[in-house]
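Just so it is clear, none of the values below were taken in a lab; they were calculated from the coordinates. Source: prediction; values computed, not measured. Ideal geometry is used to build each Cβ from the backbone, glycine not excepted, and the neighbour counts take in all protein chains shown.
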Amino acid sequence: MNAAPVAHGNVTRRSLTILGLDRRLVPLAGTLALFVAMIIFGAMSYKAFLAPQVFLNLVIDNAFLLIVAVGMTFVILTGGIDLSVGSLLALTTMVVAALIEKAHWNPWLVMLLVLAGGTAFGAVQGFLVHRYRLQPFIVTLAGMFVARGLCYLIDTESIPVSNPLLQQLAYARIPLGGRVAISSGAIIAIVTVAVATWLAHATRFGRTVYAIGGSAKSAALMGLPVGGTLVRVYAFSGFCAALAGLVMTVYMLSGYSLHAVGLELDAIAAVVIGGTLLTGGVGYVAGTVVGVLILGIIQTLVIFNGTLSSWWTRIVVGILLFVFCVSQKLIEKRASRASAPSSEKSK
Amino acid sequence: MKSLFRHSLAWPAVTLILLLGLNAVMNPGFLALAWRDGHLYGSLVDILNRAAPLALVSAGMTLVIAARGLDISVGAVVAISAAVAAVIIGPTGNLGFAIAGALGVALLCGIWNGALVVGVGMQPIIATLILMVAGRGVAQLITGGQILTVYYAPYDFIGNGYLLGLPFAALLAGAVIVLLHVLLSVTPLGLFIRAIGINPVASRIAGVRAQPITLCLYAFGGLMAGLAGLIISSNVKSADANNAGQLLELDAILAVTLGGTALTGGKFSLAGTVLGALIIQTLTSTIYSLGVPPEVNLVFKAALIFLVMLLQSPDFRATFKRLPVRPPGAEKTS
């Protein structure tokens, strides 16, 4: 089905281009165009829209979504899916709040502990997917139940966080010159994106991820460590969810079992709108960043409008998902039609 | 005895009996049935009544999964159908119109899913994800973001009424599922669905009209979710766009899996699915009677999913079959 070279080689066959662009870049270009169009629309409709702080707030208010979506990108690149991230995030906020506020543990120790816990949670899911060849969808669905259920076991009420260190982190604003400032969570999100981009495009791990997404069988035949990489991909997604949980604990200053309900859907939507193919093998971390920003801009536009109700956000996200999925299919069909004659020629 | 245990329904049936037995031991009045106010009364009747919407949705899901599909939008469709019914019945009071409207919209939702899967060729999870994300927004749009309450006696009957001493919802679900079962066994439809699930390409070459059938299965799944939406909203006398049918898609998938339907398609059992739905509802009742916070139910469900899917995995079974004969030290080389 996927005729394009999966690894990041230098081969760009003419037959795989659309309007002079590499096939793999077409979805990303569409995403960017949409993003720019939305900014222009916002700027024309509302005077205050172009203020730099509006854009920084996109990152500040969506820092946890950005981190989760980055982890999700890797999972989807391998052709899998991770539905447990939202619940795992909520579980992290609960564990952090309970251990710091009720058991009075050292905050730094707790943070290290939950990051390790999230990674282990993801690794177990990856192991089940790889070792017993279970469907990622159903494994992470069960993981979602486990994490959300454990939240309720800790407490069904919200636990407020009053620890001085976390309070300090929550109210810290790092000035960026002018009158704009950024939060600690946003910085963590930006660092995560940078590290993930490096992982995806400059490491052996990243190349293996793309190869598995193209064809797990071929990747295994090439001698790539498919199993280990799959486990690590889910572990990374779990790590990202735990990190996002820390960011959310600081952002909300509370741990609550109903935090981040449905976040996994937003993350998947952001990844898809960011141009990553759900069949795996094609996509960019940068695209996911733009996808998250688009979701953020939709919310900002709804808020700026003032008369639209919040449910329009969900409807618009659904419509965008639809448009992007259909156009992905069209691109795929076009590419398979274009590459069929060329492969005959090469015989 | 051995052949009895090899029957595909044996394990779900044993699970259900064990769960019921556990309840009976802990709560002596659990199995008691009484005749009160002209209808049967007791925990068992209650479980039957509450399992009805889940059984209906799961029946639709069974067929979709059997043909290698998946429908994760059913919870959202339940919310939409409930919203439509409440909006129509509020001002008009016309029950027939409200039911037709709700079922019609639900059917349209199912056709939309089917068209995306069959027509556009999307992966089922993604195609139905779109409606799952947008659906609750649409439901809120219909209700205007409010929880609509419905106090209308005939409508109330769907979810709370009794016919011949039994809950109407359970009878309705039973009738629909029996009809479906007859349809699948009398016509070759059941065979076609299995063929599509086992190998879509081969079934098409063999002359099975896979695409229209698959489309109909999604449409039917939508219709069942619509019916469940009617029952659920009638039962609680309100339409809540945010919470009606919340996580129902997951319960339905769990019920289907528990009943022995393979998630990879090609093998299904409607009776098993009904047992699965009853198991889930009994589990919920058990948790309540144990005095554990009901939310912890999620952990039990997750444990069940893990157990069932590991038992279904050939690789997992192979590990255990090999264990006794594996020579010491072989672990390192494998």
Placing +1 on each Lys and Arg Cβ and -1 on each Asp and Glu Cβ in the protein assembly as shown, then taking the dipole about the Cα centre, the residue among A:Ala200, B:Ala303, A:Ala63 whose Cα reaches farthest towards the positive end is A:Ala200
For the stretch B:150-196, shape from the Cα gyration tensor axes a ≥ b ≥ c, cut at a/c of 1.5 then a/b versus b/c, turns out prolate
Taking r as the C-beta separation of B:Ala115 and A:Tyr171 and R0 as 51 Å, the FRET efficiency to the nearest 0.05 is 0.50
Mean Cβ-within-10 Å packing, highest first, puts peptides A:53-61, A:265-273 in the order A:265-273, A:53-61
Diffing the stretch B:257-272: the Karplus 3J(HN,Hα) column from phi (6.51, -1.76, 1.60, θ = phi - 60°), in whole Hz with x for Gly and Pro, holds 5, 4, x, x, 6, 6, 5, 8, x, x, 9, 9, 9, 5, 4, x
At the level of C-alpha centres, the distance separating the stretch B:246-260 and the stretch A:304-330, in angstrom, is 28 Å
Checked the stretch A:191-300 with the C-alpha gyration tensor, a ≥ b ≥ c its square-rooted eigenvalues, rounded below a/c of 1.5, otherwise prolate if a/b is larger than b/c and oblate if not; verdict prolate
Mean separation of Cα contacts under 8 Å (at least 6 apart) over the residue count of the stretch B:202-313, i.e. the relative contact order in percent, is 16 percent
Most exposed first, judged by fewest Cβ atoms within 10 angstrom, A:Leu199, B:Leu248 run A:Leu199, B:Leu248
A student applying the Cα gyration tensor rule (rounded when a/c is under 1.5; otherwise prolate if a/b is larger than b/c, oblate if not) would label the stretch B:37-185 oblate
Quick calc: nm separation of the 7 Å Cα→Cβ label points for A:Ile187 and B:Ala10 -> 6.4 nm
GNM of chain A, Cα pairs under 10 angstrom: of A:Ser309, A:Ser257, A:Ser218, the biggest fluctuation goes to A:Ser309
Counting only residues 5 or more apart in sequence or on a different chain, those whose built amide H sits under 5 Å from that of A:Ala181 are A:Leu176
Plugging the Cβ-Cβ distance of B:Leu179 and A:Ser327 into 1/(1 + (r/R0)^6) at R0 = 51 Å yields, to the nearest 0.05, a FRET efficiency of 0.80
If every Lys and Arg gets +1 and every Asp and Glu gets -1 at its Cβ, then about the Cα centre chain A yields a dipole, in debye to the nearest 20, of 1320 debye
Phi angles of the stretch B:134-150, converted by Karplus (6.51 cos²θ - 1.76 cosθ + 1.60, θ = phi - 60°) into ³J(HN,Hα) in whole Hz with x for Gly and Pro, give 7, x, 5, x, 4, 4, 5, 4, 5, 8, x, x, 10, 8, 7, 9, 10
The alpha-carbon center of the stretch A:240-259 and that of the stretch B:17-64 are separated, in whole Å, by 39 Å
Quick calc: nm separation of the 7 Å Cα→Cβ label points for B:Asn94 and A:Arg131 -> 6.1 nm
With only helices counted (DSSP H, runs n ≥ 4, each -39500 (n - 2.57)), the per-residue ellipticity at 222 nm for the protein assembly as shown, to the nearest 500, works out to -23000 deg cm²/dmol
Ranking B:Phe97, B:Ala115, B:Phe168 by how far each Cα lies towards the positive end of the charge dipole of chain B (+1 on Lys and Arg Cβ, -1 on Asp and Glu Cβ), the top one is B:Ala115
A correct fewest-to-most ranking of B:Glu295, A:Glu332 by other Cβ atoms within 10 Å would be B:Glu295, A:Glu332
Counted neighbours (other Cβ, 10 Å), sorted fewest up, put B:Met224, A:Met94, B:Met309, A:Met38 in the order A:Met38, B:Met309, A:Met94, B:Met224
For B:Leu163, other-chain or 5+-apart residues with amide H closer than 5 Å (H placed, Pro excluded) are B:Phe168
With 0.36 nm assigned to each residue of separation and the Cα-Cα distance removed, A:Asp155 to A:Asn305 gains 50.2 nm
Reduced to Cα centres, the span from the stretch A:113-146 to the stretch B:162-235 in Å works out to 32 Å
Given unit charges at Cβ for Lys, Arg (+) and Asp, Glu (-), the dipole magnitude of the stretch A:98-218 about its Cα centre in debye, nearest 20, is 560 debye
Helix A:85-97 sits off the longest principal axis of the Cα atoms of chain A, rounded to the nearest 10 on a 0 to 90 degree scale, by 20 degrees
Long-range amide H partners of B:Ser238, meaning residues 5 or more apart or on another chain whose placed amide H is closer than 5 Å, are B:Val150
Calc'd 3J(HN,Hα), the stretch A:293-304, phi into Karplus 6.51 cos²θ - 1.76 cosθ + 1.60 (θ = phi - 60°), Hz, glycine/Pro = x, comes to 5, 5, 4, x, 5, 4, 4, 4, 4, 4, 5, 4
